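What follows is one structure encoded as structure tokens, with my remarks underneath.
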Number of protein chains: 2
Amino acid sequence: MSTGVKIAIIGAGSAQFSASIVRDLCVYPGLHGSHVTFMDVDQQRLDRVTRLAERLSGELNADLTFNKTTNRDQALKGADFVLNTAQVGGHTWTEAQRSMAEKHGYYRGTRLHDFGQAAFFLDVARDMERICPNAWLIQSANPVFEGCTLMTRETKVKVLGLCHGHYGYRDIARVLGLELEHVSAQMPGFNHWIWLTDFLYEGKDAYPLIDEWIESRAEAYWAKDDFHYADNQMSRAAIHQYKLFGLMPIGDTPRMVGWWYHTDLETKQHWYGHLGGFDSEIGWQQYLDDMSENVRWVERVAMDESEPVSATIKPERSDEQIVPIINALVNDVEGLYQVNIPNRGQVIKGFPEDLVIECQAVVSGAGVRGITQPPFPPKLMAGAMIPRWHHAELLVEALRSHDRDMALLCLLADQRTQSLEQAESLLNEWLTDPRNKDVACLLV
Amino acid sequence: MSTGVKIAIIGAGSAQFSASIVRDLCVYPGLHGSHVTFMDVDQQRLDRVTRLAERLSGELNADLTFNKTTNRDQALKGADFVLNTAQVGGHTWTEAQRSMAEKHGYYRGTRLHDFGQAAFFLDVARDMERICPNAWLIQSANPVFEGCTLMTRETKVKVLGLCHGHYGYRDIARVLGLELEHVSAQMPGFNHWIWLTDFLYEGKDAYPLIDEWIESRAEAYWAKDDFHYADNQMSRAAIHQYKLFGLMPIGDTPRMVGWWYHTDLETKQHWYGHLGGFDSEIGWQQYLDDMSENVRWVERVAMDESEPVSATIKPERSDEQIVPIINALVNDVEGLYQVNIPNRGQVIKGFPEDLVIECQAVVSGAGVRGITQPPFPPKLMAGAMIPRWHHAELLVEALRSHDRDMALLCLLADQRTQSLEQAESLLNEWLTDPRNKDVACLLV
């Protein structure tokens, strides 16, 4: 038996994302018969993604139907689930914002582009309140933490943020040589700011195995240095953070914590290996190249009618939690997932109930229920959680109250800012850039 | 009718402080018959303060008795109230720590000396648990915020922090030309980090009067620039903070908020006037000179037997809240005071119950009851309160858990820190300084 739902994907031109969703829909028989609307501002990309989806579903007899639109209202109409994966202005605008910040003395840019993203997310959520108020909003575009918090505070939409970062614990297991099926892990926190609070191997605390690895094998591992740019989980920076905060940072966390790992390329290379990690000029360029390659790849697969799509995009479950969670909600298939949800009931102690935190949750037909965490150790709270919360509050409240000052305070809290004038001049240039007009009118 | 109590003053060599307490005891008949123990490590200063006190009490027939000691245990024995006003190592060690930090690139020093102070406060509180567990601890030495929080978390002692900073609202009234008796004000927050949430003149909101002053009279006021170093309440910095955070900072707050006002002397002079404010090399030197002058003055008054002490130290109530509060507690004389107490019952929303906050409180024989505040505006929470809380948590938890890393994180959160190495090298020098051995053994 299957329950067809209507899914709208905002930013569906991200071919890899859309292809992965469609593939998962194909392999979850309970969701056969669903309808997917692809929405993007790029008509050409939409065409390709839709063609790819139609062929894949057809080949796998998934009975999925599709349509495409550049009109958001149309996409949202009747939706049960809205997946938001959009990047406003694409990589071009993100990179332009980075260059602008670099000109003002901010190596590798600031987080100002998060304002534009979060403001856009709120727009989508408000449209949903109007058009499909009972739909779930599944947020995968960043910033998940700030974006989901903003939408939670400003709308009644059911917001669920999802990310891959928590799979980082698998990298730890791999590097330590542990069999994954005997590993269990908990890593709550804020999105991209999560910490391994529990790490068991065959039911026993496995932190001593990490300590042993650090003691006896870490130096050799770092010396090898054949890391992929995304390979930050067992970097020197991650281990330094573990020592500094008392728990292992997971997934994207080692990239995000600690301005002192990121002052220049040389410093980045010391902490993250020869590429300087994901966020260096080297690592990030490789990532952008990989993204472009992916787009071309999907294009080729979609258009090459000589071969079945399913020969390339195999009908196997992906790691993506989105479709399994939709299936859990729709068909009452209870399961454990890593989600970003409001902190209602103090899932994580000491933070507001309307802050969106990341935690494990039981998802079923009854909804999403976060698993209450023991309080974080004081060292982690004081050292890492409070300052990250601070940044989020500034961004969220700036957009809620349309307050330019709070964006300025964001920059003033950036360790690289050396004077009020420096922060003011970047903010002014950024706010007066015509490409930024949708945000500028919100920060007055 | 009077209720004699036993009061121990730790750091009683601070002659101005001790003289002010004794004077107030003389003018509160309800506390006549009390006994005061002066405790200090400086025997000569002790002698002078005791002599001064004896003469003053004798002249005013206050029936106070005194003794002096360099032994803390002895001072605490039988105490009903312990007043802690001590500065560990005096100004000499504070200034030495400042110079040390300046050598590592921290203009005008860091807050590292707060660690030594807070660690000492905790020592005193632990001694009280042992020797006089039912006594009130009245903390006036800084850091009141961190020190009181640390003692609250680590001991069962009744802790009450007191400060003069909240009287800053009177400076606002004076500059605006308002009659003080028609002004009412509320300024909760953390010590040295308080904000004018309510400001009424003749029962009406008086914030518009501040706005009007800024609009029409502020520039002329700043141009005059004949400010005393302590005259920061209506400085350019204070008004800038008001605009940035939405509420007027009160008392010492304008000195403390915003690293960007303090990057160099010239910047300080722009924001605080020609002396550069309290914390510039000019302002601070004047303050130190004034302190020395005070010591000499008290010395002269104490030793000059040709004239009654009370001719100089007149029997009038001082602004100091300490004795009135003791009187309120002991003789059940209900009154409103500005105090620093644990945030039990969420007097200030959104912060832990074991954090010591500053608020108005009703004090009487029943104890100290904080007046619950409406939540702070989001702009103030996000912009000012959370980052200040962050710093306090690092300091408090570093000392609770004996964790050097958290002291390092304090420095890493200092805007002037440009690299991990810079923070490490200052911390190392500071921890290995022999004068700092009592703290070094706590931060391992």
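Calculate what fraction, in whole %, of the accessible area of the range A:287-391 sits on carbon and sulfur atoms when a 1.4 Å probe is rolled over the protein chains. Within the range A:287-391, the accessible surface is 52 percent carbon and sulfur.
With all protein chains in place and a 1.4 Å probe, the accessible surface of the range B:60-178 carries 45 percent carbon and sulfur. When the charge dipole of the range B:144-211 is built from unit charges on Cβ atoms (+1 for Lys and Arg, -1 for Asp and Glu) and taken about the Cα centre, the candidate among B:178, B:210, B:162 whose Cα reaches farthest toward its positive end is B:162. Once B binds A, the 1.4 Å probe can no longer reach about 2700 Å² of accessible area, counting both sides. Oblate is the label for the range B:262-421, because a/c, from the alpha-carbon gyration tensor with a ≥ b ≥ c as root eigenvalues, is 1.5 or above and a/b does not exceed b/c. Of all DSSP bridge pairs formed entirely within the protein assembly as shown, close to 50 percent run antiparallel.
Set the Cα radius of gyration of the range A:1-132 against 2.2 N^0.38 Å, with N its number of residues, and you get 1.20. Its residues counted as N, the range B:238-329 yields a C-alpha radius of gyration over 2.2 N^0.38 Å of 1.54. Mean sequence separation of contacting Cα pairs (under 8 Å, at least six apart), scaled by the length of chain B, corresponds to a relative contact order of 17 percent. Would chain A count as rounded, prolate or oblate if I go by the C-alpha gyration tensor, calling it rounded below 1.5 in a/c and otherwise prolate when a/b exceeds b/c, oblate otherwise? Since a/c stays below 1.5, the shape of chain A is classed as rounded. Placing a label point 7 Å from Cα along the Cα-to-Cβ axis, residue B:291 is separated from the same position in the other copies by 5.5 nm, shortest listed first. With 30 Å² as the minimum drop in accessible area between chain alone and full protein complex (1.4 Å probe), the qualifying residues in the range B:378-405 are B:378, B:379, B:382, B:386, B:389, B:390, B:397, B:405. Across the range A:338-444, counting alpha-carbon atoms alone, Rg and Dmax equal 17.5, 53 Å. For the range A:54-193, the relative contact order comes to 21 percent (Cα pairs under 8 Å, sequence separation of at least 6).
A loss of 40 Å² or more of accessible area (1.4 Å probe, protein heavy atoms, ligands and nucleic acids excluded) relative to the isolated chain is seen in these residues of the range B:254-296: B:259, B:260. With its label point put 7 Å out from Cα toward Cβ, residue B:167 sits 6.5 nm from the same residue's point in the other copies, in order from shortest. In chain B, the DSSP beta bridges split such that about 50 percent are antiparallel, to the nearest 5. Within the shell defined by Cβ-Cβ distances under 12 Å, the residues around residue A:60 carry a net charge of -2, with Lys and Arg each +1 and Asp and Glu each -1. On the principal axes of its alpha carbon atoms, the range A:337-386 extends 38, 18, 14 Å, with the longest extent given first. Take residue A:228, move 7 Å from Cα toward the beta carbon, and the resulting point lies 6.7 nm from the same point in each other copy, nearest first. Each residue was assigned an accessible area with a 1.4 Å probe, and for residue B:271 the value is about 30 Å². Among the protein heavy atoms, those of residue A:207 account for about 30 Å² of accessible surface (1.4 Å probe, every chain in place). Comparing B:375, A:189, A:38 along the charge dipole axis of the protein assembly as shown, the residue lying farthest to the positive side is B:375, per the Cβ-charge model.
Largest accessible area first, the residues B:297, B:389 order themselves as B:297, B:389 under a 1.4 Å probe with ligands, DNA and RNA left out. Taken per residue, the accessible surface of the range A:276-368 reaches 43 Å², heavy atoms only and a 1.4 Å probe.
Note on exposure: A:28, B:106, B:167 ranked by accessible area (1.4 Å probe, complete protein assembly) read B:167, A:28, B:106, with the most exposed listed first.
Mean-square fluctuations from a GNM of chain B, with a 10 angstrom spring cutoff on Cα atoms, peak among B:68, B:349, B:158 at B:349. Largest GNM mean-square fluctuation across B:306, B:14, B:364, computed for chain B with C-alpha springs under 10 Å, falls on B:306.
Remark on the protein assembly as shown: hydrodynamic radius 30.3 angstrom, per the Kirkwood mean of 1/r across alpha carbon pairs. Take residue B:425: with every protein chain present and a 1.4 Å probe, its accessible area is about 50 Å². Summed over the residues of the range A:391-435 and divided among them, the accessible surface reaches 34 Å² per residue at a probe radius of 1.4 Å. In this structure the range A:1-132 gives 37 Å² per residue of accessible area when probed at 1.4 Å with all protein chains present. The distance linking the range A:55-77 with the range A:108-172 is 23 Å (Cα centroid to Cα centroid, whole angstrom). Take each residue of peptide B:412-421, count the partner chain Cβ atoms within 10 Å of its Cβ, and average: the result is 5.
One Cα centroid belongs to the range B:195-254, the other to the range B:255-301; the line between them spans 19 Å.
Helical runs (DSSP H, four residues minimum) scored at -39500 (n - 2.57) apiece and divided by the length of chain B put the mean residue ellipticity at 222 nm at -14000 deg cm²/dmol. Each other residue within a Cβ distance under 12 Å of residue A:268 adds +1 if Lys or Arg and -1 if Asp or Glu, for a net charge of -1. Among the listed pairs A:156/B:204; A:103/A:243; A:349/B:156; A:379/B:243; A:268/A:349; B:268/B:349, which have their C-alpha atoms separated by more than 30 angstrom in this model? Those over the limit are A:156/B:204; A:103/A:243; A:379/B:243; A:268/A:349; B:268/B:349. Largest first, the residues B:371, B:239 sort by 1.4 Å accessible area into B:371, B:239.
The values are calculated or read from the model by the stated rules, or taken from the named source; none is laboratory data. Note that the structure is a prediction, hence the values are computed from the model and not measured. Virtual Cβ from ideal backbone geometry, glycine too; neighbours counted across all protein chains shown. The accessibility values were calculated without ligands, DNA or RNA, using every heavy atom of the protein model including side chains. Shrake-Rupley method; radii C 1.70, N 1.55, O 1.52, S 1.80 Å.
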